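Read the structure below first, then the notes.
The values are calculated or read from the model by the stated rules, or taken from the named source; none is laboratory data. None of the values given here were measured: they were computed from a predicted structure. Backbone-built Cβ (ideal geometry, glycine too); neighbour counts: all protein chains shown.
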Amino acid sequence: MFRDTTCTETTAPEEPTVDSLRDLQQQLTRFRLNYKFAIDATLTKITILREEFELTHDYGPIEHVNSRLKSMESLLQKAVRIGCPPDIDSIRDQIRDIAGIRVTCAFVSDAYWVAEMLTSQPDVTLIEVKDYIVAPKPNGYQSLHLIVQVPVYLSDRTEMTYVEIQIRTIAMDFWASLEHKIYYKFNKAVPQRLLEELKQAADAATELDRTMARLRDEVAAIESAAGS
């Protein structure tokens with residue numbers, strides 16, 4: 001009787017071909033392009049609101065608008081950080097700040113006005129609100145964060161795409177910009193003394209916003225009384 005000495009063959013993983021790599025590259029390009037289109041569509045909405053309000057009210061609540069699109073490297077790094085599988089479908093579902101827009105306003109009330117006007121549009125779906133103005137982060141960070149979905153009309157389909165919108169005052173934006181540079185400079189290991197001063201600066205920015213709003217209201221009251 002003979003013993004079976006046949007070895008079990010193992011199948012080696014297939015090497016990626018030029019065609020498969022090219023197909024993956026095209027998928028990634030289309031994936032990011034969809035978010036660029038979402039940014040473009042949202043920026044158009046913000047521009048219309050801005051110009052219409054300036055025309056009808058002789059006042060511009062929006063000072064600056066900036067946008068950014070996450071790179072694929074940043075996307076994959078975040079996917080690893082939050083435990084999201086590094087595939088397109090999972091990233092699309094779990095990472096909602098691929099497309100980002102920041103709106104800077106003069107006053108806190110303007111920030112809420114922009115949020116209300118934008119999210120009240122029928123084709124904008126509000127998914128999530130994080131109000132760091134009412135409840136600032138422990139480090140003093142203040143901003144109004146919205147996660148919305150907007151339709152992106154492609155040649156063969158319509159895709160509802162996530163966009164993160166951050167709305168803040170000029171004072172808040174200046175503080176956030178400085179805080180970001182300091183954290184980058186120290187690789188997030190910021191000395192305690194600087195952290196305390198940053199918190200004090202955030203409180204000062206809040207007080208500045210309140211003072212400027214009060215002055216605006218007083219000037220408006222004086223103008224109204226003079227016109228009556």
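Can you find a residue in segment 189-201 that is free of Cβ contacts under 8 Å to residues at least 40 places away in the same chain and under 25 Å from ASP97 (Cα atoms)?
Yes, segment 189-201 contains at least one residue that is free of Cβ contacts under 8 Å to residues at least 40 places away in the same chain and under 25 Å from ASP97 (Cα atoms).
Just to check your reading of the model, which residue among SER109, SER71, SER120 is of a type in the set (Ser, Thr, Tyr) and modelled with pLDDT under 90? Explain how you work it out, then say what you get.
On the way: SER109 fails: modelled with pLDDT under 90; SER120 fails: modelled with pLDDT under 90.
Unique residue meeting the criteria: SER71.
Looking at this structure, is ALA41 closer than 17 Å to GLU164 by Cβ, free of Cβ contacts under 8 Å to residues at least 60 places away in the same chain and surrounded by 14 or more Cβ atoms within 10 Å (Cβ to Cβ)?
Numbers: closer than 17 Å to GLU164 by Cβ: yes; free of Cβ contacts under 8 Å to residues at least 60 places away in the same chain: no; surrounded by 14 or more Cβ atoms within 10 Å (Cβ to Cβ): yes.
Answer is no for this residue.
Please enumerate the residues belonging to segment 91-118 that are of a type in the set (Gly, Ala, Ser) and within 10 Å of the chain's Cα centre (by Cα).
From segment 91-118, those of a type in the set (Gly, Ala, Ser) are 99-100, 106, 109, 111, 115; that's our starting set.
Result: ALA99, GLY100.
Having 2 or more residues that are touching a helix residue (DSSP H, G or I) at 6+ places or on another chain (Cβ under 8 Å) and in contact (Cβ under 8 Å) with a residue 60 or more places away in the chain is the bar; report the strands (runs of 3 or more DSSP E) wholly within segment 124-178 that clear it.
Numbers: elements: 125-131, 144-153, 158-169.
Once the strands (runs of 3 or more DSSP E) in segment 124-178 are filtered for at least 2 residues that are touching a helix residue (DSSP H, G or I) at 6+ places or on another chain (Cβ under 8 Å) and in contact (Cβ under 8 Å) with a residue 60 or more places away in the chain, what remains is 144-153, 158-169.
Any residue at all in segment 54-67 that's touching a Pro at 6+ places or on another chain (Cβ under 8 Å), under 25 Å from THR158 (Cβ atoms) and at pLDDT 95 or above?
The first filter runs over segment 54-67 and keeps only residues touching a Pro at 6+ places or on another chain (Cβ under 8 Å), leaving none.
Among the residues of segment 54-67, not one is touching a Pro at 6+ places or on another chain (Cβ under 8 Å), under 25 Å from THR158 (Cβ atoms) and at pLDDT 95 or above, which makes the answer no.
Run GLN149 past the list (1) surrounded by fewer than 21 Cβ atoms within 10 Å (Cβ to Cβ); (2) over 27 Å from ARG30 (Cβ atoms) and report the number of the one that doesn't hold.
(2)
Output the residue which, of all residues in segment 164-196 that are surrounded by 15 or more Cβ atoms within 10 Å (Cβ to Cβ) and not hydrophobic (A, V, I, L, M, F, W, C), is nearest to ASN139 (Cα to Cα).
GLU179
Return yes or no: is ALA221 assigned to a loop (DSSP other than H, G, I, E, B) and over 25 Å from THR104 (Cβ atoms)?
On the way: assigned to a loop (DSSP other than H, G, I, E, B): no; over 25 Å from THR104 (Cβ atoms): yes.
No: the conditions fail for ALA221.
What's the number of the condition SER109 fails, among (1) surrounded by 14 or more Cβ atoms within 10 Å (Cβ to Cβ); (2) not in a helix (DSSP H, G or I); (3) not aliphatic (A, V, I, L, M)?
(2)
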